[in-house]
Structures are given as structure tokens and as C-alpha cells.
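Engineer: Submitted below is the structure of interest, expressed as C-alpha cells.
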Amino acid sequence: MSRSAPVVYSPAYECDIGRHVFPTQKFRLVRDALLADGTLEARDIVPAGAAPRDDLLLVHTAEYLDDLEHLRWTSRTRMSELPLTAEIVNAYVVAAGGTTLAACGALAQGVAVHLGGGFHHAFADLASGFCYINDLAVAIRVMQRDGRVRRAAVVDCDLHQGNGTAHVFRDDPTVFTFSIHQEHLYPVKERSDLDIGLENGAGDQEFNGRLAASLERVWEQGPELVLYQAGADPYEDDQLGALKLTIDGLRQRDALVLEGCVERGIPVVVTLGGGYARQVADTVRIHRNTCALALELAVRSEAGPPRTPERPGGGR
């Protein structure tokens, strides 16, 4: 498929976390699925690089980053549900660079896909869940620092609330945070600008009806960039949740967000977020569908050859 949307990826994301419900191989498998069906060509993949420390410091404290660098279990890192190794820390630092690069690409091309990222539980000075670095927050702060956007929004459609992202931007009127999630589930909730907490058992109709209405609030904010956390875990056969979205329902969810952005000319970045289906193939299929729709919309809306996105900070 000829396309104009940057697709960012790194093999570093498939890090060894031991026996775990989080399938880090999914990032590679989603890439492979897109390559196998012709949605993506290998030459079109843009490699992610590690986010510079200066970029990470726009969101995270120096003390917390030092803990990660030196692999120290402290009050700041001990809430993680992952091991703490150099390989794992590197995966998260590269993911922050990947989402930042994808944001640059979206601003240039209208749509960008990051085959990774969406680590919305990380706080400025605290690891949480399966998240060490909040790539969503880092990307937005870099775009703001570099004068590429003033206003941004996070549309978080993961099973879990984007608590870290909500906390990072809690007093910032330039970033609108929206999370639709299962209410009675991890994490302890922070206050987003707009939260929709769904009861156990909510399915396609309720989720997408509430999402469609809520997106109107997002559009009203006038964001110059949307970061879409497209978690696969609202799926009905996910191991960690009790929402009941079907694969078709998740396709409808993606269309509401992505078509809504494209129709309004709002640059949008896809990040993968969570996904813990009993069958990893289901998680891969859901993520593949999200990415394929984004690429299809980019082809429809953009003319001209693909361009490699300019890296933040003048090519660091």
C-alpha cells in the first residue's frame, strides 16, 4: 500500500520481562502482520531512537530518572509491576523517543503510527503498573517546547484509566486529557479533564456511544495534536478486564477517534497501549486493525510522497 503516514518502531520494545501477562513480542508481531498483508512495506518503517535526557526532564524528575539509570529500587520505582533492568529501561526510553518522533510525523503528514508506546501510568516521579516513562507526556512537552503546538489532547481508550497522564497535566489548560475506561479496576483514579468510567460488562454499544459523545468535548478544545492511546484491552477476552468489546466494536472505536481527527484536520498519533488477550493473536489483530485504519485514512487524506519526519530539536 502506498502511504504517507510515518510508522515508527524499534526492536528494543521486545524486552525480556520474564514470565508475564504483558506480551512484549506483540510489537514485533503487529509489525509483521502489517508487513505480511501488504499494509506496510519494510522501507517505510522509521526507526525510533532513545529520547534524550533533556526531553525526559520535561516530564520526569531528575531523581526518578537517576533511579532508572542506576537500576535502583526506591520509593519512586518500587510501584512498578515489572523487573528493573537496563534492557527494560532502554525500551521505555526508546518508546518515548518513538512517540515523540511519531508526533513530529503527524504534524508533518496528518497521521502517524507508533508500533509501541501509550505508557500512561507513569508519573513524573513514580513508576506505576507496567510503565516507567510516560511517552505520551514527553511527546507533548517536546512539541510544546519546540513551538510546534500550543494545545494538545490525549484520547485514552485503554481498559485502564490514564492516571499518570492525568496527573502530569492536571493543572495545564493547554493539554486536554480524556480517558474512557473500566471504572472498578486498577489504577487508583486521578482526575482527567474528562473521565468516563464504565461498569463491568459494558460492551460495544455503550462504550462507543459514550465515546462519540465525549469526543465532542475533545474537539471543542481545539487541539493542534491528538495522541490516541489505542489499548487493545477493552476486548471481551482480555485477561485483566471485564469490558466486553468485540473486535468489530474496537474497529468502530478506532474509526470514531481517527476519522474524527482526520475529518477535522487534527494531526493524530496512534500508540498501542495495553493488550492482554488470552490469545496473543487476538491482541495483535486488534492492534493491526487500528494501525491499518490509520494508514488507510492517511492514504485517503494525503497527496504526495511519504516524507521522513524531522526529528525533534533539529535532528538529535
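Engineer: Once neighbouring chains are kept in place and the probe is 1.4 Å, which whole percent of the accessible area of segment 171-234 is contributed by carbon and sulfur? Don't skip to the end; give the middle numbers.
Structural biologist: Numbers: 1260 of 2670 Å².
Carbon and sulfur: 47 percent of the exposed surface of segment 171-234.
Engineer: With a cap of 12 neighbouring Cβ atoms within 10 Å, and only residues DSSP puts in a loop, list the GluC sites (Glu not before Pro) found in segment 196-245. Intermediate values should be presented prior to the final figure.
Structural biologist: On the way: sites: E199, E206, E216, E220, E224, E236; in loops: E199, E224, E236.
Those that pass, being in a loop and sparsely packed, are E199.
Engineer: Given the whole protein assembly as supplied and a 1.4 Å probe, what does the accessible area of R141 come to in Å², nearest 10?
Structural biologist: 50
Engineer: I want the local charge near D171. Using Cβ-Cβ distances under 13 Å, sum +1 for each Lys or Arg and -1 for each Asp or Glu among the other residues. Could the numbers behind the result be given before it?
Structural biologist: Numbers: positive: R170, R191; negative: D172, E190, D193.
With Lys, Arg at +1 and Asp, Glu at -1, the net is -1.
Engineer: Just to be sure I follow: if Rg is taken over the C-alpha atoms of the chain and Rh is the Kirkwood radius over the same atoms, what is Rg/Rh?
Structural biologist: On the way: Rg = 17.4 Å, Rh = 18.9 Å.
With Rg and the Kirkwood Rh in hand, the quotient comes to 0.92.
Engineer: Measuring from centroid to centroid over Cα atoms, what is the spacing of segment 170-241 and segment 113-146 in Å?
Structural biologist: Here the answer is 16 Å between Cα centres.
Engineer: In a Gaussian network model over the chain where Cα atoms closer than 10 Å are linked, find which of I45, I140, I286 has the largest mean-square fluctuation.
Structural biologist: I45
Engineer: Collect residues whose amide H, placed 1.01 Å from N in the peptide plane, falls under 5 Å from the amide H of D158; neighbours closer than 5 in sequence don't count.
Structural biologist: I180, G231
Engineer: Can you give me the relative contact order of the chain as a percent, contacts being Cα pairs under 8 Å and 6 or more apart? Before the final figure, lay out each step's value.
Structural biologist: Values: 712 pairs, mean separation 71.0, N = 316.
RCO, the chain: 22 percent.
Engineer: Still on this model: For segment 248-301, which whole-number percentage of the solvent-accessible area (1.4 Å probe, protein heavy atoms only) is attributable to carbon and sulfur atoms?
Structural biologist: On the way: 820 of 1910 Å².
Carbon with sulfur: 43 percent of the solvent-accessible area.
Engineer: Tell me, what is the per residue accessible area of the chain in Å², probe radius 1.4 Å? Working shown, then result.
Structural biologist: On the way: 11890 Å² over 316 residues.
Heavy-atom accessible area per residue stands at 38 Å².
Engineer: Quick check: net charge around I133, other residues with Cβ under 13 Å of its Cβ, Lys/Arg +1 and Asp/Glu -1?
Structural biologist: Details: positive: R53, R76, R141; negative: D55, D67, E69, D125, D135.
With Lys, Arg at +1 and Asp, Glu at -1, the net is -2.
Engineer: Let me ask something else about it. Please go through segment 63-119 and write out the GluC sites (Glu not before Pro) that DSSP classes as loop and that have at most 16 other C-beta atoms within 10 Å. If you can, show how the numbers build up before the last one.
Structural biologist: Details: sites: E63, E69, E81, E87; in loops: E81.
Qualifying residues, ordered by number: E81.
Engineer: May I pose another question? Can you give the extra length, in nm with one decimal, that the chain gains between Q25 and D54 once fully stretched, where that is 0.36 nm per residue apart less the Cα-Cα distance?
Structural biologist: 7.5 nm
Engineer: Using a 1.4 Å probe on the protein heavy atoms, what percent of the accessible area of segment 63-129 belongs to carbon and sulfur?
Structural biologist: Details: 1070 of 2080 Å².
That share works out to 51 percent.
Engineer: Enumerate the amide H contacts of F176 below 5 Å, restricted to partners 5 or more residues apart or on another chain; note that Pro and chain-start residues carry no placed amide H.
Structural biologist: A152, A153, V154
Engineer: Which whole-Hz couplings ³J(HN,Hα) result when phi for each residue of segment 229-243 is put into the Karplus expression 6.51 cos²θ - 1.76 cosθ + 1.60, θ = phi - 60°, listed in order with x for Gly and Pro?
Structural biologist: 8, 9, x, 8, 7, x, 4, 5, 10, 6, 6, 9, x, 10, 7
Engineer: Here's something else I'd like to know. Given only helices, namely DSSP H runs of n ≥ 4 each adding -39500 (n - 2.57), what is the per-residue ellipticity at 222 nm of the chain, to the nearest 500 deg cm²/dmol? Show your work: numbers first, answer last.
Structural biologist: On the way: 10 runs with 124 residues, N = 316.
That comes out to -12500 deg cm²/dmol.
The values are calculated or read from the model by the stated rules, or taken from the named source; none is laboratory data. As the structure is a prediction and not an experimental result, all values here were calculated from the model. Note that each Cβ is placed from the backbone with ideal geometry, even for glycine, and that neighbours are counted across all protein chains shown. To get the accessible areas, we keep the full protein, side chains included, count just its heavy atoms, and leave off ligands, DNA and RNA. Shrake-Rupley method; radii C 1.70, N 1.55, O 1.52, S 1.80 Å.
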